[in-house]
Amino acid sequence: PVVVLGSLNMDLIGRTVRFPEAGQTVLGSTFSTAPGGKGGNQAVAAARAGATVRLVAALGDDAFAVELRTHLQAAGVRTELVRTVPGASGVAMITVDDTAENTIVVLPGANGRLDALDTATTAAIGRAGVLLAQLEVPPATVLAAARTAREAGVPVILNPSPAIDVPAELWPLVSVVVVNETEAAVYGNHLDAVDHLITTLGARGCTVRGPGGEVHAVEAFAVEPVDTTGAGDAFAGTLAAAWAAGVEPAQAVRRACAAGALATTVPGAGTSAPTSSEVDALLAH
Ligand code: ADP
């Protein structure tokens, strides 16, 4: 099984011809909501890739919490370790204008209150095949979970996104890091401490640096993208599922690369990750 530790957000998406200036009101066009947050997206991706997935996350006591929990369960993610805290669930307020430019305000809400790990969570991490985490929840919690995993001999996959200051003790606990080029530049030589460093390069595929320091490139799969949001999350979730299933690293990365490509062919991010048979079909192509 895969344990994912991370964020849950409801994305609130409004479209408008032009953005308002500060203090101004404009009349927009359409509104929609979509489940988001890297933790939830990556958990759904791992479940679609065929893994048993338990998500460790926090939701508020509002209506978005009910909707997000239902969405996760429908996608096959186990939610017993998703706790409820008083107040608002995480929200991302997204405005998109006619030129497809966007502005985003993320309000972490309950995600910021995912603190001490309870005993059920610690036990689940100890029994996992892989722990997968990102940085949209408090770094101290990620550190505690990584320690728990490491002590139990469970490999830790970290997608250190968004790029923030993290405790230096975290890096040596991590077996696999998945970063994009921007994050790779920010973290620099902190990444030297990890065994497997995977740098995703969008339409150029990814590079992998193994434990011996050797680097090899994995070409992207040719697809016709309609929306590249969610590619990174599909990549990370699929990688974790393959890693937990004992797939050898080079093949796990190829599956992740294929999943990232397929995710760009579907709008949105919350459920754009492919199933394992869709990945098999692209690999066999
Ligand atoms: P992020 O969304 O985190 O910045 P990337 O854009 O690097 O991540 O995408 C993650 C992975 O998804 C890439 O390594 C690649 O394998 C795949 N991918 C992304 N965009 C494309 C694309 N246009 N064509 C094919 N594969 C893609």
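For the chain, the antiparallel share of DSSP beta bridges with both residues in that region comes to about 40%. For the pair Thr70 and Thr182, a Förster radius of 22 Å applied to the C-beta separation gives a FRET efficiency near 0.10, rounded to the nearest 0.05. Taking every C-alpha pair closer than 8 Å and separated by at least 6 residues, the mean separation divided by the residue count of the chain gives a relative contact order of 18 percent.
The longest stretch of the chain left intact once loop-based GluC sites (Glu not before Pro) with at most 16 other Cβ atoms within 10 Å are removed from consideration, loops following DSSP, is 102-213.
Only one residue of Val208, Ser175, Thr148 has its Cα farthest out toward the positive end of the dipole of the chain, where Lys and Arg carry +1 and Asp and Glu -1 on Cβ, and that residue is Thr148. Summing Lys and Arg as +1 and Asp and Glu as -1 over all other residues whose Cβ lies under 14 Å from the Cβ of Ala163 gives a net charge of -3.
Place the peptides 203-211, 251-259, 188-196 in order of packing, highest mean first, counting for every residue the other Cβ atoms within 10 Å and averaging per peptide. Don't jump to the answer; show the numbers that get you there.
Details: 203-211: 16.4, 251-259: 24.4, 188-196: 14.4.
Top of the packing list down: 251-259, 203-211, 188-196.
Read-outs throughout are calculated quantities, based only on the coordinates presented, and are distinct from any laboratory measurement. Just so you know, these numbers come straight off a predicted model, no measurement behind them. Backbone-built Cβ (ideal geometry, glycine too); neighbour counts: all protein chains shown.
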